[in-house]
Structures are given as structure tokens and as C-alpha cells.
1. Could you give the accessible area per residue of the chain, probe 1.4 Å, as a whole number in Å²?
2. Taking Cα atoms of the stretch 138-203, Rg/Rh with Kirkwood Rh, to two decimals?
3. Packing-wise, with mean Cβ within 10 Å as the measure, how do 208-217, 235-244 rank, highest first?
4. Please list the equivalent ellipsoid semi-axes of the stretch 76-147, computed as the square roots of five times the alpha-carbon gyration tensor eigenvalues, in descending order and whole angstrom.
5. Between residue 274 and residue 26, with labels modelled 7 Å along Cα→Cβ, what's the label distance in nm to one decimal, could you check?
6. Simple spin-label model, 7 Å along Cα-to-Cβ: residue 225 to residue 252 in nm?
7. With all protein chains present, how much of the accessible area of the chain (probe radius 1.4 Å) comes from carbon and sulfur, to the nearest whole percent?
Amino acid sequence: MSTLTAAPGYRPRHTLPLRVEAMRQWRRRRTLVMGAVLAALPFILIAAFAIGGTPDGGGNERITLIDTATASGANFAATCLFVSAGFLLVVPVALFCGDTVASEASWSSLRYLLAAPVPRARLLASKLTVALGFSLAAMVLLPVVALAAGTVAYGWGPLKLPTGGALAAGDTVPRLALAVAFIFVSQLVTAALAFWLSTKTDAPLGAVGGAVGLTIVGNVLDAVTALGSWRDFLPAHWQFAWADALQPQLEWGGMVKGAAVSVTYAVVLFALAFRGFARKDIVS
């Protein structure tokens, strides 16, 4: 009875290196377009403020973060995060994680990758790592460009808080970094959902659109106050908990709860993606 042996020089862990997958994704047009959109947003907002005038709350007693957008570069960066965290930053996460496997299937190249042979778990791990890396890069790109552009336009200074008081200029960058880190963790649910759908369909738009659509449904459900404490189990309920990082006294409660909810859902969905893909009959 003969036993099967691997070909000389074959090492499963050396197949589909991360740098190769990263370069493949970097050269995709959708990556460059998404990066351009995120980098352009701060300049669009600066132009809007220049045309429409400095925001002043419109006479309302309640001042929001947007009303302090032009107080300093740090305020402008925080405002860009505020206006984009609910939806715009969801799109690159869903795009990078939902398109990665489904696009290979739609191009009929997935079966050739597996026949190379790239182990299925290795293929998913490489694609997921790169997709999450690009998602994080997208979330970092926006506030970095906003901070640089805002500093040029409005000057460097403390972060003025809508509730009163301010964060010292030296504390703003670490606090903004913490806010971005939480936003990334909170978006792991969208990433996992998009990735799981990507392993289930040959239509990239279906995986991306499904993840974005269900994220929107979560936001709608969170707005239903009749659900009461059940909303605490919705990732969308904690999506703006990063604002606690910008308080004079750093508050961890909301961010810890939000991260726990997000990571729990993400682990389950990632596990389903790997388990389902391992048993899937690949025909495309």
C-alpha cells in the first residue's frame, strides 16, 4: 500500500505569502479609488466650511462636535471621524473583506489557487489578514490626512470639547489613535460578516452589499428605543463609544463593552467562514 507524499520543496506555510496577496489587492482599482475617496473627504469638508462659513451650532444651545470642527486641526480630525464612522468607514471594511474571496470565485481563479496547491485554511488566513490590514489602513488614512489638512487650515492647538473644556494639544494624537483603534475593533463585525458572505457567494457585490445592508439594519434597530436593554447586544449601539476617548477623563466602560460585543460576533462569523469553506465544493 503506497502513501502519498508531498512534492519536493512543497511547504504549505509558504504558499500565497502575505506580500503577494497584499500586492495583488493593492493593484486593484477599487483599492485606489477607496483610498482616494477617504483622502479627499477632509478637503471636501474644508471647502464646505470655507463656502458655508464657520459652524456655530445654528443658534442651538446644544453644541456638537461638528460645531467645533474649525477650532483646531485636532477638532477637524475628530469631526471627520464623527461624520464617517457611522457609514463611510463601513464601506472599505465591507469592500476589502467581502470582495476578497468572492472575486476569485467570480474570476474562476479560486479553484486554480487551491490546485496550486494552497491549503484552504492558508488561503483564507492570508486573504483575511490582508483584508483587515487594508481596512485598518483606510481607517488610519482618513484621520491622518484630516489632522494634517486641518492643522494647515485651522492651526495646531488643543481639542476643544463640545461639553466644555479641552484636551491639551499633546494629548490629542494619542487619544485620536485610541479612537481609531476602537473604531477598527467595532468594525470587526462588519468585516467578519462580509468575509463569511464572501465564502458563500460568487458575487462580490452580494457579499459587500449584504454586509453593508445588515450593518444599516443594525443601526435602524439601535434607533428603536422600545428595544430597551436589548440594544446593548447590537454592535451599532456602541459605534460612537470612541467619543469617550476624547473626554478630559478617559472613560473605558463603553469602549470595553462595545469591543466585547464586536469581538464575540466576529469570532463566531470568522469560525463559520473557515468551517464552511473547508467543506465547500469549489467549482469556480
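1. In whole numbers, the chain has 50 Å² accessible per residue.
2. 1.18
3. Going from most to least packed, we get 235-244, 208-217.
4. 32, 11, 8
5. Placing both labels 7 Å beyond Cα along the Cβ direction yields 2.7 nm.
6. A separation of 3.2 nm, rounded to one decimal place.
7. That share works out to 67 percent.
The values are calculated or read from the model by the stated rules, or taken from the named source; none is laboratory data. All values derive from a computational prediction rather than experimental measurement. Positions of Cβ are backbone-derived with ideal geometry, glycine not excepted, and every protein chain shown enters the neighbour counts. Only protein heavy atoms, including side chains, enter the accessible area calculation; ligands, DNA and RNA are left aside. Shrake-Rupley method; radii C 1.70, N 1.55, O 1.52, S 1.80 Å.
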